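The values are calculated or read from the model by the stated rules, or taken from the named source; none is laboratory data. Treat the numbers as computed from the prediction; the structure is a model and nothing was measured. Virtual Cβ from ideal backbone geometry, glycine too; neighbours counted across all protein chains shown.
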Amino acid sequence: MKRLLCATLEANTAHSVEVESTFVRALPSFSIVGLAQQSIQESRDRIKAALGSINFKFPSQKITVNLSPSDLPKYGSHFDLGVALLVALQKESVDFGNFYCFGELGLDGSIKSTVSIFPLILSLASRLKNLSVVVPSESMKLVASIPNIKVYGIKNLQEAVEFFQNAEFRESRLVKSMHEIFKNSITIADKIYIVNDDFELDFADIKGQAHAKEAMMIAASGMHNILLEGSPGCGKSMSIKRLLYIMPPLEIDEILQNAANRSLSGEGTVFEKLRPFRAPHHTSSRPSIFGGGSNFGAKIGEVALAHNGILFFDEFPYFSKQILESLREPLEDGQVLISRVNSKICYETKFLFAAAQNPCPCGNLFSNIKPCKCSDIDIQRYKAKISTPLLDRIDIYVQMDESGIEDISNMSSKQMRANVLNAFIAQKRRGQKELNGKMDDKSIERFCKMTDDAKEILKNAAMRFGLSHRGVGKLKKVARTVADLDEADLINKTHMLKSLSFRQR
C-alpha cells in the first residue's frame with residue numbers, strides 16, 4: 001500500500017486527507033472510496049485517459065483508492081493528481097513523504113488549477129509548519145505568495161511522476177519568485193503593506209461637497225461605517241464608489257485572505273491592491289448576502305466577501321427588514337455564523353459599511369428647487385424602515401447638499417489618500433491591532449485619551465442626546481480618527497465637536 005497527502009474544504013477550513021491505494025488479485029476494477037462525492041468519482045475516467053498519455057497500462061488487478069478519514073465528505077477535482085500518482089507509481093520504490101499534491105488532470109495528461117486550491121493551501125499553511133505542496137504551474141506564483149511554505153510547480157503528469165523519481169528534477173521545480181503585486185511595498189511598524197497608486201475614480205470629479213469629502217476621509221482612515229443622505233443626483237453613490245481608492249493599504253496576509261474568499265465564491269483567485277468592494281442590489285436574497293446552503297455546501301456571502309473592504313447598500317431603506325436586522329450582528333461582532341444541523345461555519349466580516357438613501361420616498365425633501373410630494377406619514381414610514389439599533393451602529397452620518405453649477409472641486413483622491421495614509425501610520429505605530437472604527441472597549445479606553453474639555457463635551461452630549469454605551473464609544477472612535485488626521489496625540493475639544501457634528505440626531 002502507498003499513501004500521499006491531499007486536503008478537502010469544509011466551507012473555509014481545510015482538512016488533511018490521506019490518499020491510499022492498493023492493488024489486489026481480483027477481477028479488474030478501479031474504485032474510489034471514503035465519502036468521495038460525484039466530482040471525485042468522475043475523476044476515474046480522467047485519470048485513466050491521463051495515465052494512457054504516459055503509456056501506463058492498467059494491470060489486471062483490482063485497484064482500490066481510499067480517502068481517509070472515511071467519515072469526512074470529500075469534494076473537488078483537485079484529488080486527480082494524487083490518485084493518478086498512486087496508481088502510476090504503485091509498483092515503484094517511491095516515498096511520497098509529506099508532500100501535499102493538488103491538481104485536476106486533463107485527458108492529455110496536463111495538470112490544471114481549480115478555484116479551491118488556493119484557499120485550501122492558505123488554510124493548511126495557517127496550521128501546519130514546513131508545508132510542502134505540489135501544484136499546477138499556472139497557479140504556482142499565486143500559491144508561492146503564501147508565507148513559510150515550499151511550492152513546486154508541474155505542468156503535466158509525466159513531470160509529476162519524474163518529480164518523485166528524480167531528486168535533482170524535484171529541486172528544479174521549486175518556485176522562488178513571488179507574485180508581481182508584492183514587489184512594490186512599504187513597511188509600517190515592522191509589517192509589510194501594499195500601497196495602491198491607481199485612482200481610476202477620483203474625488204476631483206465631484207464638485208463641491210467639502211463636508212461629505214471630509215467625512216469620507218475620516219471614514220476611510222478609521223474604517224468607520226458611514227451613511228449618506230441627500231437628494232437624487234447630489235453625489236452619494238459617486239462618493240462611496242470613490243471611497244475605495246483612498247482606503248488604507250492592505251497587509252500581505254489580508255490580500256491573501258481576500259483572494260481566498262474570492263476563490264470560495266467561485267470568482268477565481270486574483271490578487272488585488274484595492275480592498276474588496278461589494279454592492280449587492282436591494283432585491284438580493286438573504287442567503288446571497290449573508291451566505292447559506294446546506295451542510296458542507298454552505299457558501300460565502302457578500303458580507304464575508306467584503307471582509308477588509310467596503311460593503312455598500314445603495315437605496316438603504318429598500319432592503320428587506322430581515323436583511324437589515326440581520327446586518328446588526330456582522331457589524332457588531334465582525335463575523336457571521338452559518339449554523340446547520342451537521343456544521344457551524346464562521347466567516348470574518350470586518351468591513352466598512354457604507355449606505356446611501358434619499359431623505360424621503362420622492363427624494364426631494366432637502367431640495368430647494370423641487371417640491372416634495374410626500375406626506376408626513378409617507379416620510380415617517382420610509383424612515384422607520386431603518387431601526388434605531390441599526391442606526392446606532394453607524395459612526396458617521398452626512399446630509400449632502402444639492403450640487404450647484406458654480407461648485408468647484410476642492411480635493412483630489414491623491415490628496416485625500418495621503419492624509420488617510422498618515423492617519424493609518426499613526427494608528428499602527430500606536431500598536432493598534434484594529435483600526436479606530438473596529439476597536440473594542442478595552443482598546444477604546446487605552447487609545448482614546450482625551451483632554452478635560454473633550455471629556456466635558458462628551459458627558460454633556462451623552463446626557464442631552466441620551467446616547468447609549470455604544471453611541472458614546474462611536475463618538476470616541478471618530479474623535480480619535482479626527483485627532484489622527486490632525487496629527488494630535490490627545491483628543492481635544494475641537495476633535496470631539498467634529499465627531500459630534502457627524503452624529504445623526
Identify all residues within the range 242-271 that are under 26 Å from MET411 (Cβ atoms) and without any contact (Cβ under 8 Å) to a residue 60 or more places away in the chain; write none if there are none.
LEU250
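Just to verify a result, which residue in the range 118-131, among those that are of a type in the set (A, V, I, L, M) and outside any helix (DSSP H, G or I), is farthest from CYS101 (Cα to Cα)? I'd like the intermediate steps shown before the answer.
Keep residues of the range 118-131 that are of a type in the set (A, V, I, L, M), which gives 120-122, 124-125, 128, 131.
Applying the additional criterion that residues be outside any helix (DSSP H, G or I) yields 128, 131.
On the way: LEU128: 15, LEU131: 11 Å.
Result: LEU128.
Identify all residues within the range 319-352 that are in a helix (DSSP H, G or I), in contact (Cβ under 8 Å) with a residue 60 or more places away in the chain and not acidic (Asp, Glu); write none if there are none. Working first, answer last.
Initial filter on the range 319-352 (in a helix (DSSP H, G or I)): 321-326, 328-333.
Applying the additional criterion that residues be in contact (Cβ under 8 Å) with a residue 60 or more places away in the chain yields 321, 324-325, 328, 331-332.
Listed by number, the residues that qualify are LYS321, LEU324, ARG328, LEU331.
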Out of the residues in the range 27-43 that are in a helix (DSSP H, G or I) and in contact with a helix residue (DSSP H, G or I) (Cβ under 8 Å, 6 or more places away or on another chain), which is surrounded by the fewest Cβ atoms within 10 Å (Cβ to Cβ)?
SER39
Going through (1) of a type in the set (S, T, N, Q); (2) under 29 Å from CYS234 (Cα atoms); (3) surrounded by fewer than 17 Cβ atoms within 10 Å (Cβ to Cβ) one by one, GLN335 fails only at (2)
Looking at GLY230 and the list (1) buried (at least 22 other Cβ atoms within 10 Å of the Cβ); (2) more than 15 Å from GLN209 (Cα to Cα), which single condition is not satisfied?
(2)
Output the qualifying pairs, or none if there are none: Cβ atoms under 6 angstrom, residues six or more apart or on different chains, first residue in the range 137-156 and under 23 Å from ARG127 (Cβ atoms) and in the same structural domain as PHE96 (by TED's automatic domain parsing), second residue among the small types (Gly, Ala, Ser) and assigned to a strand (DSSP E or B).
MET140/GLY153; LYS150/SER132
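Enumerate the helices (runs of 4 or more DSSP H) found wholly within the range 395-505, keeping only those where 1 or more residues are out of contact with any helix residue (DSSP H, G or I) (no Cβ under 8 Å at 6 or more places or on another chain) and among the aliphatic types (A, V, I, L, M).
Numbers: elements: 413-429, 441-447, 452-465, 469-485, 493-501.
The qualifying helices (runs of 4 or more DSSP H) are 413-429, 452-465.
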I need every pair where a residue in the range 436-459 that is in contact (Cβ under 8 Å) with a residue 12 or more places away in the chain has its Cβ under 6 Å from the Cβ of a residue that is surrounded by 21 or more Cβ atoms within 10 Å (Cβ to Cβ) and hydroxyl-bearing (Ser, Thr, Tyr), sequence separation at least 6 or different chains.
ASN436/THR481
Of all residues in the range 160-202, how many are under 30 Å from VAL94 (Cα atoms) and either among the basic types (Lys, Arg) or free of Cβ contacts under 8 Å to residues at least 24 places away in the same chain (or both)?
10
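Answer yes or no as to whether ILE240 is in a helix (DSSP H, G or I), within 20 Å of MET223 (Cα to Cα) and either modelled with pLDDT of 95 or more or in the same structural domain as SER139 (by TED's automatic domain parsing) (or both). Quick ask: steps written out before the conclusion?
On the way: in a helix (DSSP H, G or I): yes; within 20 Å of MET223 (Cα to Cα): yes; either modelled with pLDDT of 95 or more or in the same structural domain as SER139 (by TED's automatic domain parsing) (or both): yes.
Yes.
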So, first residue farther than 21 Å from ILE63 by Cβ in the range 88-101, second residue aliphatic (A, V, I, L, M), Cβ within less than 6 Å, six or more apart or across chains; the pairs are PHE99/VAL134; TYR100/LEU5; TYR100/VAL133
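Please verify whether LEU107 is closer than 21 Å to ALA49 by Cβ, in the same structural domain as GLY34 (by TED's automatic domain parsing), of a type in the set (A, V, I, L, M, F, W, C) and not in a helix (DSSP H, G or I), treating the condition exactly as stated. Give the steps one after another, and end with the answer.
Values: closer than 21 Å to ALA49 by Cβ: yes; in the same structural domain as GLY34 (by TED's automatic domain parsing): yes; of a type in the set (A, V, I, L, M, F, W, C): yes; not in a helix (DSSP H, G or I): yes.
Answer is yes for this residue.
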Among the residues of the range 53-70, are any in a helix (DSSP H, G or I), in contact (Cβ under 8 Å) with a residue 12 or more places away in the chain, under 18 Å from GLU159 (Cβ atoms) and of a type in the set (A, V, I, L, M, F, W, C)?
no
Condition set at pLDDT 95 or above and among the charged types (D, E, K, R), scope the range 278-314, selection nearest to LEU264 (Cα to Cα): answer is GLU302
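Within the group ILE396, ILE379, which residue is crowded, with 16+ Cβ neighbours inside 10 Å and within 29 Å of the chain's Cα centre (by Cα)?
Details: ILE379 fails: within 29 Å of the chain's Cα centre (by Cα).
So the residue among ILE396, ILE379 that is crowded, with 16+ Cβ neighbours inside 10 Å and within 29 Å of the chain's Cα centre (by Cα) is ILE396.
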Selection status of ALA454, among the hydrophobic types (A, V, I, L, M, F, W, C) and over 23 Å from MET216 (Cβ atoms)
yes
Subset of the range 472-503 [surrounded by fewer than 17 Cβ atoms within 10 Å (Cβ to Cβ) and under 28 Å from the mean Cα position of the chain (by Cα)]:
none
